[in-house]
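A.B. asks: Take a look at this one; I'll ask things after.
Nothing in this text is a laboratory measurement; each read-out follows from the coordinates by a stated rule. On a predicted model such as this, the values are computed, not experimentally measured, just so you know. Backbone-built Cβ (ideal geometry, glycine too); neighbour counts: all protein chains shown.
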Amino acid sequence: MTPPEFRSGFACLVGRPNAGKSTLTNAMVGRKVAITSDRPQTTRRVLRGIVNRPEGQLVMVDTPGLHRPRTLLGERLNDQVRETWTSVDVVGLCIPADQQVGPGDRFIATELAGLRRRPIVAVVTKTDTVSREVVAERLLEVASLGEEVGLDWAEVVPVSARVGQNVEVLIERLISHLPEGPVLFPDGEDDATTDEIAVAELIREAALDGVQDELPHSIAVVVEEIVPREDRPADRPLTDVRANLFVERETQKAIVIGKGGARLKQVGTRARREIEELLGTPVFLDIRVKVAKDWQKDPKQLRRLGF
């Protein structure tokens, strides 16, 4: 039975790249639903994590960072962001405490000001990385930003996802802005993302670690299949995961594979640990590295890669 005045709905965190959206989403859900990296524009998929509380169910939607696009992929990622924030019940604009409010924040805030009848929450992230005085300065800047663009903040919440400061407060305030309604996902679920997308993102996260500056944006992963190995005893299951990792040039393929396949082996080892935790079973992971020339600019290849 749904309790009286139970609230349910969708919220998304938006902001410029590296504002801490994915890290905060993971902290709110209580488990990893979005990959993280110190490289800008790591998030490419619209991913969903579920936050269950006695007073409501909050479905968090992780979105790519809004940025100045240089490729067709960039344009489509920006379209994803704008489509998402017009379909959720409440939007959180993430502004990192360790950087002054800048043109990117102002641009996004101006766009959000055009959303009618939708609460916008200002979320000052990464507060653990700066002093209290700097946090106070950033809060003043956020207040001024709202006045400048004509945005009346529904809430202003400073948080640190890394140390858990005010994360529960943010959850409570976001739920308070949801409409009254029933549970949207069955009790106990904490992830509304398909296994194929989640596994592909974990492989891409492992591949992003330590690669050269020009390579991260060229990496895409598509999972071909996730199937239980046949003829395995019930007490010794094994899941076969087969995936293709795409890059744009042969030179990039050589970097990803590494000398004698050493780097690809490292990628597989790291990704397999997290995939096993996700699927709850031992995994045999087969990653094939392929070249899809200039795929970020090619509409046909973008569709094939799921964008």
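A.B. asks: Over the Cα atoms of the chain, Rg to Rh with Kirkwood Rh, two decimal places?
C.D. replies: Taking Rg over the Kirkwood Rh, I get 0.99.
A.B. asks: Among residues other than ASP240 whose Cβ falls under 15 Å from its Cβ, what is the net charge (Lys/Arg +1, Asp/Glu -1)? Don't skip to the answer; put the middle values down first.
C.D. replies: Numbers: positive: ARG229, ARG232, ARG236, ARG242, ARG272, ARG288; negative: ASP195, GLU196, GLU224, GLU225, GLU230, ASP231, GLU276, ASP286.
Here the count lands on -2.
A.B. asks: For every other residue with a beta carbon closer than 15 angstrom to the beta carbon of SER176, add +1 if it is Lys or Arg and -1 if Asp or Glu, then tell me the sum.
C.D. replies: -3
A.B. asks: Also, quick follow-up: Determine, from the Cβ-Cβ distance of SER144 and GLU5 and an R0 of 35 Å, the FRET efficiency 1/(1 + (r/R0)^6), rounded to the nearest 0.05.
C.D. replies: 0.50
A.B. asks: Something else about it: Which shape class applies to the stretch 259-307: rounded if a/c is under 1.5, otherwise prolate when a/b exceeds b/c and oblate if not, where a ≥ b ≥ c are the square roots of the Cα gyration tensor eigenvalues?
C.D. replies: Numbers: a/c = 3.63, a/b = 1.62, b/c = 2.24.
Since a/c reaches 1.5 but b/c is at least a/b, the shape of the stretch 259-307 is classed as oblate.
A.B. asks: Mind running the shape call on the stretch 195-304? Use the C-alpha gyration tensor, a ≥ b ≥ c as the square roots of the eigenvalues: rounded below 1.5 for a/c, prolate if a/b tops b/c, oblate otherwise.
C.D. replies: prolate
A.B. asks: Points 7 angstrom from Cα along the Cβ direction at SER131 and PHE185: gap in nanometres?
C.D. replies: 4.2 nm
A.B. asks: Given labels modelled 7 Å from the Cα in the Cβ direction, how far is it in nm from ASP195 to THR86?
C.D. replies: 3.5 nm
A.B. asks: Helix 103-113: angle to the longest alpha-carbon principal axis of the chain, degrees 0 to 90, nearest 10?
C.D. replies: 70 degrees
A.B. asks: Here's another thing I want to ask about it. So how far apart, in nm, are the two label points at PHE284 and ALA254 if each is 7 Å from Cα heading toward Cβ?
C.D. replies: 3.2 nm
A.B. asks: While we're on this one: What is the dipole size for the chain, taken about its Cα centre, with +1 at each Lys and Arg Cβ and -1 at each Asp and Glu Cβ, in debye to the nearest 20?
C.D. replies: It comes to approximately 1180 debye.
A.B. asks: Going toward the positive end of the dipole of the stretch 195-304, with +1 on Lys and Arg Cβ and -1 on Asp and Glu Cβ, which of VAL289, VAL241, PRO228 do you reach last?
C.D. replies: It is VAL289.
A.B. asks: Translational diffusion coefficient of the stretch 7-176 at 10 °C, 1.306 mPa s, Stokes-Einstein with Kirkwood Rh over Cα pairs, in µm²/s as a whole number.
C.D. replies: 101 µm²/s
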